[in-house]
Amino acid sequence: MQYDSATKFSPVTLLLHWVVGLTIIGMLATGIYMAEEGVYSLFPIHKATGFILLFVALARVVWRMKNGWPTPAGQYASWEHTLATVVHWVLIVSTLLMPISGLMGSVLGGHGLDVFGLEIFAPNFSVEDPEKTLPINYALSKLGSAIHFYLGYTLIAALVLHIAGALKHHLVDKDGTLKRMLGKQI
Ligand code: HEM
Ligand code: HEM
């Protein structure tokens with residue numbers, strides 16, 4: 001298995017970064033749209049995609065632990081390196097905590113989880129009124145939903161810094177940071 005080097009990233013790093021990264025961006029956009037506008041038809045797709053993404057994100061965390069963090073591609077100021085490291089941690093932890101908190105809110109809220117036709121958790125239907133679902137654990141479901149909401153917006157802020165940083169390296173510092181994440185030898 002090829003690991004990352006200072007001048008070239010492994011195909012596994014590239015694949016995992018872009019699959020997880022682009023899916024997360026899509027999930028943030030659809031999550032906010034469906035929650036703000038009350039578009040209930042999007043909920044099952046959001047939940048199922050997020051659930052599948054949890055396993056890809058887990059594989060990515062294992063890969064990051066085996067492979068270590070990237071070595072800087074240029075001469076960065078120490079504050080810049082610290083900021084990039086903090087942002088990378090927020091991003092990678094969010095890729096696990098966003099799906100986990102979403103699951104807590106939804107499943108413990110009694111809504112169940114269906115992954116494109118495969119029932120993973122059944123809804124908790126009320127005995128008196130089978131049209132209604134009841135929470136399995138109300139307090140934990142509320143905690144999950146609160147984490148999902150606040151972490152979602154924290155993730156967006158971290159992502160703005162992350163993308164601004166990548167562009168600054170490419171356009172201002174003109175170093176190989178972005179090129180290396182696009183698969184090029186630097
Ligand atoms: C258009 C969007 C994005 C661009 C242009 C971009 C660019 C980059 C670049 C250039 C690096 C290498 C940094 C270095 O060498 O120090 C990097 C690393 C990283 N990015 Fe992104 N990124 C994007 C989206 C995302 C998203 C959405 C996430 C996660 C939610 C993410 C998480 C990470 C993490 C954790 C790293 C550290 C290395 C790794 O684990 O692969 N990125 N990104
Ligand atoms: C990477 C994964 C995920 C991301 C980035 C993400 C992002 C978001 C965002 C930004 C929102 C809007 C803010 C809010 O109202 O909470 C949202 C809403 C929601 N998400 Fe996720 N989500 C992910 C995974 C999941 C999963 C796995 C589930 C459930 C199994 C889920 C269930 C929900 C629900 C039910 C809402 C609507 C909340 C409401 O209307 O109060 N999400 N998501």
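Mean residue ellipticity, 222 nm, helices only, the chain: the sum of -39500 (n - 2.57) across DSSP H runs of n ≥ 4, divided by residue count and rounded to 500, is -22500 deg cm²/dmol. Students often forget the sequence filter, so: which lysines lie under 22 Å Cα-Cα from LYS142 once same-chain residues fewer than 8 apart are removed? Hits, sequence-local ones excluded: LYS47, LYS132. Take the Cβ atoms of LEU15 and LYS132, set R0 to 30 Å, and the FRET efficiency comes out at 0.10. Compared with the alpha-carbon gap, the fully stretched path from LEU42 to LYS174 is longer by 43.4 nm at 0.36 nm per residue. Average accessible surface for the stretch 83-175: 61 Å² per residue, computed with a 1.4 Å probe over protein heavy atoms with every protein chain in place. Using C-alpha pairs below 8 Å separated by at least 6 residues, the relative contact order for the chain is 26 percent.
One decimal place: the segment SER78-MET34 gains 11.8 nm when fully extended, by the rule 0.36 nm per residue minus the C-alpha distance. Enclosing the Cα atoms of the stretch 1-46 in their convex hull gives a volume equal to 67 cubic angstrom per residue. Spatially, the stretch 106-131 and the stretch 160-176 are offset by 44 Å when compared through their Cα centroids. On full extension, the segment bounded by TRP69 and ALA122 gains 15.2 nm, given 0.36 nm per residue less the C-alpha separation. Among the protein heavy atoms of the stretch 1-54, carbon and sulfur supply 74% of the accessible surface, probe 1.4 Å, non-protein parts ignored. Note on LYS174: lysines with a C-alpha under 16 Å away, same-chain residues under 8 apart excluded, are LYS184. Distance between the pseudo-spin-label points of HIS88 and ILE163 (7 Å out from Cα toward the beta carbon): 2.1 nm. Ranking LEU91, PRO70, ILE24 by Cα position along the charge dipole of the chain, where only Lys, Arg, Asp and Glu carry charges on their C-beta atoms, puts PRO70 farthest toward the positive end. Cross-link reach is defined here as a Cα-Cα straight distance under 16 Å, omitting same-chain residues fewer than 8 places apart; for LYS168 the lysines meeting it are LYS179.
The values are calculated or read from the model by the stated rules, or taken from the named source; none is laboratory data. Since we're looking at a predicted model, the values are computed, not measured. Don't worry about glycine lacking a Cβ; one is built from the backbone with ideal geometry, like all the others, and counts go over all protein chains shown. Please note that ligands, DNA and RNA were not included when accessible areas were found on the heavy atoms of the full protein model with its side chains. Shrake-Rupley method; radii C 1.70, N 1.55, O 1.52, S 1.80 Å.
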